[in-house]
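Every number in this text was worked out from the coordinates using simple rules, so none of it is lab data. Just so you know, these numbers come straight off a predicted model, no measurement behind them. Quick reminder, even Gly has a Cβ in these numbers, built from the backbone with ideal geometry, and neighbours come from all protein chains shown.
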Amino acid sequence: PKEIFLKDYKMPNYYFDTVDLKFSLGEEKTIVSSKITVFPRVEGSSSPLVLDGQDLKLVSIKVNGIELKEGDYHLDSRHLTLQSPPNGTFTLEIVTEIYPQKNTSLEGIYKSSGNFCTQCEAEGFRKITFYQDRPDIMAKYKCYIEADKSLYPVLLSNGNLIEKGNLEGGRHYALWEDPFKKPCYLFALVAGQLESRDDIFVTRSGRKVSLRIWTPAQDLPKTAHAMYSLKAAMKWDEDVFGLEYDLDLFNIVAVPDFNMGAMENKSLNIFNSKLVLASPETASDADYAAILGVIGHEYFHNWTGNRVTCRDWFQLSLKEGLTVFRDQEFSSDMGSRTVKRIADVSKLRNYQFPQDAGPMAHPVRPHSYIKGAEVVRMYKTLLGSQGFRKGMDLYFKRHDGRAVTCEDFFAAMRDANDAEFANFLLCQEVPSTPGQPVKEPMFIPVAIGLLDSSGKDMPLSSVYHNGKLQSLGSNNQPVYTTVLRVTKKEEEFVFSDISERPIPSILRGYSAPIRLESDLSNSDLFFLLANDSDEFNRWEAGQVLARKLMLSLVADFQQNKPLVLNPKFVHGFRSMLGDSSLDKEFIAKAITLPGEGEIMDMMEVADPDAVHAVRTFIRKQLASELKAEFLTTVENNRSTGEYVFNHHNMARRALKNIALAYLASLEDADIVELALREYKTATNMTEQFAALAAIVQKPGKIRDEVLDDFYGKWQHDYLVVNKWFALQAMSDIPGNVECVRRLLDHPAFDLRNPNKVYSLIGGFCGSPVNCHAKDGSGYKFLGEMVVQLDKINPQVASRMVSAFSRWRRFDETRQNLAKAQLEMIMSANGLSENVFEIASKSLA
Ligand code: DPP
Ligand code: ZN
């Protein structure tokens, strides 16, 4: 396979105007007929029309109603080429045969639990019919579906239902029409036995929108939270961005087999059922929050992604970065802004997947999405809410109905604000592959405040910079946080009217996704931890201290010195635990140590064993010195009454659960009893699972019994069973790879279901000590899995390869072991493009 670069973008020679699709769904095969109106980009030019197609059986092809014979076109395993199509506009009719029942890649049309569904982003449509499978081809679609009525009573596609009726032989049909132009990656079809939870949303201009969430009948009770989330998202987008929904119907379908989280197909979102189904007994607070965020995310794509889409896949963060930013803001407004920001920044720092870009087969790249969102956030930081909104309004005004680039977004922000940020970094992720230079960020917004010795923010009246004195604030109103625009390697900013030595609070709210180094002393950091008015930086001060502490203990560990925990640290934790003025979820975050991945990333040579030993040591030490405080925390925050999804209740549970997790690192018998009691009496999954996780920290008979008990209780619920797989897979117990290998043979496991793979094999990558075990057992396991998975589902396999992406960060022994597995993967027969791309890039 050959890598494609951004600079290779070429405008298409032909565009499509209307696309009429007809699906005859069957058990053996499905027949797809398409009728496309084609017109040339340049009138009068005659160039070949190249269509993409993969795993398709061509039945017939007609141009302007006349059937083409072999020789009139050229067909290979990836393309169908018409050498000399007619001049001007013409119709193209193609019939293909496909086999959804055999499609385990879960791209194109496939079956999940007996139902037909589709996934077309990024390049799945080419597995449905021959097409110019690229997002800059935008057309109006009609979709006629016919199928057996009893097996597939529900037939859905994008847009509005125009017609439906019965056919001979127990079959029926439905005709859908989408009035909006769209690229083919947003096409969707669903056919099956499904029922819907129905509701109505009235938009602010009075449009009555029918909302339907489709699942198998038995799951309908678990869709209440998803419906709540959808309505909240619709309202929020109106309130914050002035964006209304544009059709009379919005469908969400939940399917158990799905490569990613969800897909924003126009008016027919298809979701991984993990991100739709929830009940207090079966889903945790984290699941509820994820559902809110992802339902919002996919809904927000209707404007940022669908109405305005990407010109090519190098512009992925145009829609993903922007939409992730929007869902982050939505979740912040629905809960706690600080806690949401902390969670997102932690994710950014701990992400184990590579920041790969430069899509060839472009599988899902969550990491770059999050980074793209950070770039969008910087625009908002620089322009303020109103300026950002003006930029968004102009962006939609200019580009509605078009496929555009990151530069277009940038230009809208700039022009709407007469802003000068010529060097502002673009939102595309430029890969640092040979032939493409890395573009360094050149415009870094640094939000800053200064604390006085009593811990209060000092008023900032002016700043001297580049020979100019700039006054801050307006109408003699002082400001307490200002945004410095750093554009060069070295810059000086001088604040005047400062009466005493301030303690600076730098990069408030994490105003730019950079790694900040400062010469703040430990006592400055403890001061910020105790006093900063910016809650994010309060948390961050604690994290900086923890990182320093962990790194210095790692050095001690490596030199065989005894580990000793600084009493100041224990004191800091104690005062936070006892501070009733603090938000409980904030406390929970503040007493969470940085992840092992984050610490390994800061080391010259990553040492997973040392980092794990140190993190475990600190946790245990804190648990033993603060046992009384942790016990009180558990007692005081136990749930009472019914489960409610709101910040207050979730915060209590979060704090209780982290206290229990700390306690469980002790060997004490009373703690085992406590955890067992919590496990047995829990009335919701959040607390039950936290108790289970606490018990499972220690190997032994109790662990085994409780794991069995949990499985016995929940074996009928595949989403809960996946949690059970994940918990065991991510265990740090030495040699856990053997346990994971055994679980591969568990009757509930299935390599064909992505969620199960992510739980068990992905979960295993969550334990650096086992995944990066020095004997290579983790690498060997992952290598074998990638090769097996690649034959079933290349997208899923390529995600698992990402576990190897940072292999050069480790010592030589590990490097050799990891490299050997990557090479073994590369030499596998019939390797997919997805896996090839990631594996070869890792080795390059
Ligand atoms: N476009 C998809 C989404 O935004 C990719 N996961 O969810
Ligand atoms: Zn998205």
*Starting from the Cα gyration tensor of segment 261-312, take the square roots of the eigenvalues, sort them a ≥ b ≥ c, and report rounded, prolate or oblate (rounded when a/c is under 1.5, otherwise prolate if a/b is larger than b/c, else oblate).*
prolate
*asked:* Quick check: the distance between the Cα centres of segment 173-190 and segment 10-42, to the nearest angstrom?
replied: 12
*Could you give me the radius of gyration and the Dmax of segment 558-604, taking only the C-alpha atoms into account and expressing both in angstrom?*
14.2, 41
*Relative contact order for the chain, counting Cα pairs under 8 Å that sit 6 or more residues apart, in percent*: 8
*Straight-line reach from Lys7: which lysines have Cα under 16 Å away, leaving out those fewer than 8 places along the same chain?*
Lys439
*Dipole of the chain, positive direction: furthest Cα of Leu577, Phe16, Gln218, with charges on the beta-carbon*: Phe16
*Go ahead and collect, in residue order, the members of segment 481-497 whose backbone nitrogen is under 12 Å from a label point 7 Å along the Cα-Cβ direction of Ser461.*
496-497
*Kirkwood hydrodynamic radius of the chain, Cα pairs, Å*: 28.9
*Computed magnitude of the charge dipole of segment 14-193 (debye, nearest 20; Cβ of K, R +1, Cβ of D, E -1)*: 200
*Between Val479 and Glu823, what length comes free when the chain is fully extended (0.36 nm per residue of separation minus the Cα-Cα distance, one decimal in nm)?*
118.2 nm
*Any chance you could give the angle, 0 to 90 degrees and rounded to 10, that helix 535-558 forms with the longest Cα principal axis of the chain?*
80
*At 4 °C and 1.567 mPa s, grab the translational diffusion coefficient of segment 510-640 from Stokes-Einstein with a Kirkwood Rh over Cα pairs, rounded to a whole number in µm² per second.*
82
*With Cβ to Cβ distances under 11 Å as the rule, what net charge do the other residues near Asn636 carry (K, R +1; D, E -1)?*
+2
_Table column - 3J(HN,Hα) (Hz), segment 226-233, Karplus curve with 6.51, -1.76, 1.60, x for Gly and Pro_ = 5, 5, 4, 5, 5, 5, 5, 5
*Using θ = phi - 60° and the Karplus form 6.51 cos²θ - 1.76 cosθ + 1.60, what ³J(HN,Hα) does each residue of segment 174-186 get, whole Hz, x for Gly and Pro?*
9, 10, 10, 9, 9, x, 9, 5, 8, x, 5, 5, 9
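Around Trp176, under 10 Å between beta carbons, what's the net of Lys plus Arg minus Asp minus Glu among the other residues?
-1
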*With everything on Cα atoms, drop me the angle between helix 685-696 and the longest principal axis of the chain, reported from 0 to 90° to the nearest 10.*
60
_Which of Ser471, Ile503, Ser453, positive extreme of dipole for segment 446-509 (C-beta unit charges)_ = Ser471
*Taking N as the number of residues in segment 195-283, what is its Cα Rg relative to 2.2 N^0.38 Å?*
1.09
*What dipole magnitude, in Debye to the nearest 20, does the chain give about its Cα centre under +1 on Lys/Arg Cβ and -1 on Asp/Glu Cβ?*
280
*Net charge near Glu540: determine it from the other residues with C-beta under 14 Å of the C-beta of Glu540, scoring Lys and Arg +1 and Asp and Glu -1.*
+1
_Using only the alpha-carbon atoms, how far is helix 567-577 inclined from the longest principal axis of the chain? Give it as 0 to 90 degrees, nearest 10._
60
*If the cut-off is 24 Å between C-alpha atoms, which lysines fall inside it for Lys791, apart from same-chain ones fewer than 8 positions away?*
Lys2, Lys29, Lys57, Lys102, Lys111, Lys127, Lys756, Lys780, Lys819, Lys841
_Estimated D of segment 446-509 in µm² per second, where Rh is the Kirkwood radius over Cα pairs and Stokes-Einstein applies at 25 °C, 0.890 mPa s_ = 200
*asked:* Which three numbers, in whole Å and largest first, are the semi-axes of the equivalent ellipsoid of segment 14-193 derived from its Cα gyration tensor as √(5λ)?
replied: 27, 17, 15
_Distance violations [Cα-Cα > 26 Å] among Lys208/Lys274; Lys208/Lys397; Lys140/Lys319_ = Lys208/Lys274
*Roughly how many nanometres apart are two label points built 7 Å out from the Cα toward the Cβ at Glu500 and Asp732?*
4.1
*Grab the Cα-Cα distance for Arg742 and Ser840, subtract it from 0.36 nm times how many residues apart they are, and report the gain in nm with one decimal.*
32.3 nm
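Send over the Kirkwood Rh of segment 750-844, from the inverse of the averaged 1/r over different Cα pairs, rounded to one decimal Å.
13.0
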